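Read-outs throughout are calculated quantities, based only on the coordinates presented, and are distinct from any laboratory measurement. Keep in mind it's a predicted model, so treat the numbers as computed, not measured. We place every Cβ from the backbone using ideal geometry, glycine too, and count neighbours over all the protein chains shown.
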Amino acid sequence: MSSRITLVLCITFLAVVAAIVWLMRPVAPVKTPPKPEINMTDSDLPAICRTMTFEGVNSIVCEVDLRIFKIDLARAGADGKAYGSLQAFIDAQLKDARPVLSMNAGMYEKDLSAVGLYVEDGKQAFPLKTGEGEGNFFLKPNGVFFIDKTGTPGILETGAFATAAVDPRIATQSGPMLVINGQIHPRFEPNGASRFIRNGVGVRDANTIVLAISKAPVSLGSFARLFKDGLGCANALFFDGGISALSNDRKTLIGGMDPVGPIIAVFKK
């Protein structure tokens, strides 16, 4: 047997052994998506919220009339320290001036600072982020939810916001966009395998914004259709998944186990 044939046989043998070892390797268990705690009954829901079933998934939907309610963003107290949770934010408010509801409102860094644009009371704390990166925030198009200083709400894709000369009273950047001018985000599968409890915001008209949080894991595609087809929002923005949280004026109803960065809060005028 020639040395060349011997070499070929040896290589083939090693390849077969390697394939067998690879096939017999222990397979990592499939990780169950984190499921935020749900600690509520229907009586705990703020009056502007309701349970809605869409494509077999229950969600809490809160429709906010801006003629009756004011929406603010919050992240840190007067001492500059991040609240870190909805409960801490609620407890820091005067008892007669607590929000009707609050919800996490965008992704955050390790120090709980906003990943992208964050404007509170007309003051920009963190700049618009237009670059590339990993994770849902950078699943472009991403976008910005805002209410300008005339009281008009909007959600714009990040590039459009950068050129629109908006003068926001509040603004929070997140991603991905769920609905863009009546169209589902182009990179979403109709019903992908990634399922989390998710929350987001949509704008229905000049007087109405809609906040929604699922009570069970849901795909991005289905969650986007909730806003577009179920809630009539031409534009909607994803806030987060897995860490999603919702509170009333007393306690956290969904989530609360993970930290929060930016917080959106609804107050009676």
Least to most buried among Asp44, Asp121, by other C-beta atoms within 10 Å and fewest first, runs Asp121, Asp44
When Asp240, Asp148 are ranked with the fewest other C-beta atoms within 10 Å first, the list becomes Asp148, Asp240
Gain on full stretching of the segment that runs from Ala160 to Glu63 - 0.36 nm per residue minus C-alpha separation = 32.4 nm
Over all distinct alpha-carbon pairs, what is the Kirkwood Rh of the chain in angstrom?
-> 19.8
Which of these, Pro127, Pro99, Pro153, has the largest mean-square fluctuation under a Gaussian network model of the chain (Cα springs below 10 Å)?
-> Pro127
In debye, nearest 20, what is the charge dipole magnitude of the stretch 42-268 about its Cα centre with +1 on Lys and Arg Cβ and -1 on Asp and Glu Cβ, if you could check?
-> 180
Honestly the stretch 141-269 on the Cα gyration tensor test (a ≥ b ≥ c root eigenvalues; a/c under 1.5 rounded, otherwise a/b vs b/c for prolate or oblate) is just oblate
Label Asp44 and Ala125 with points 7 Å out from Cα along Cα→Cβ: what is the distance between them in nm?
-> 2.6
HN-Hα couplings for the stretch 171-186 via Karplus (6.51, -1.76, 1.60; θ = phi - 60°), in whole Hz with x for Gly/Pro, come out as 7, 9, 9, 8, x, x, 4, 8, 10, 10, 6, x, 10, 5, 3, x
Quick note on Arg67, Arg169, ordering by fewest other C-beta atoms within 10 Å, gives Arg67, Arg169
Quick calc, Ser194 & Glu37: beta-carbon distance into FRET formula, R0 22 Å, rounding 0.05, result 0.60
Compute the FRET efficiency between Asp167 and Asp91 as 1/(1 + (r/R0)^6), taking r as their Cβ-Cβ distance and R0 = 30 Å, and round to the nearest 0.05.
-> 0.40
Using a Gaussian network model of the chain whose springs link C-alpha atoms within less than 10 Å, name the residue from Pro176, Pro36, Pro190 with the highest mean-square fluctuation.
-> Pro190
Residues whose placed amide H lies under 5 Å from that of Leu139, excluding near-sequence neighbours | none
Tell me which residues come under 5 Å, amide H to amide H, from Tyr108 once H is placed; ignore anything under 5 positions away on its chain.
-> Val115
If R0 is 45 Å, what FRET efficiency do you get for Asn207 and Phe138 from their C-beta distance, rounded to 0.05?
-> 0.90
Residues whose modelled amide H sits under 5 Å from the amide H of Phe126, counting only those 5 or more places away in sequence or on another chain, are Tyr118
Rounded to 10°, Cα long-axis angle of helix 3-23 versus longest principal axis of the chain | 30
If you build a Gaussian network model of the chain, linking Cα atoms that sit under 10 Å apart, which residue out of Gly154, Gly200, Gly192 swings the most?
-> Gly192
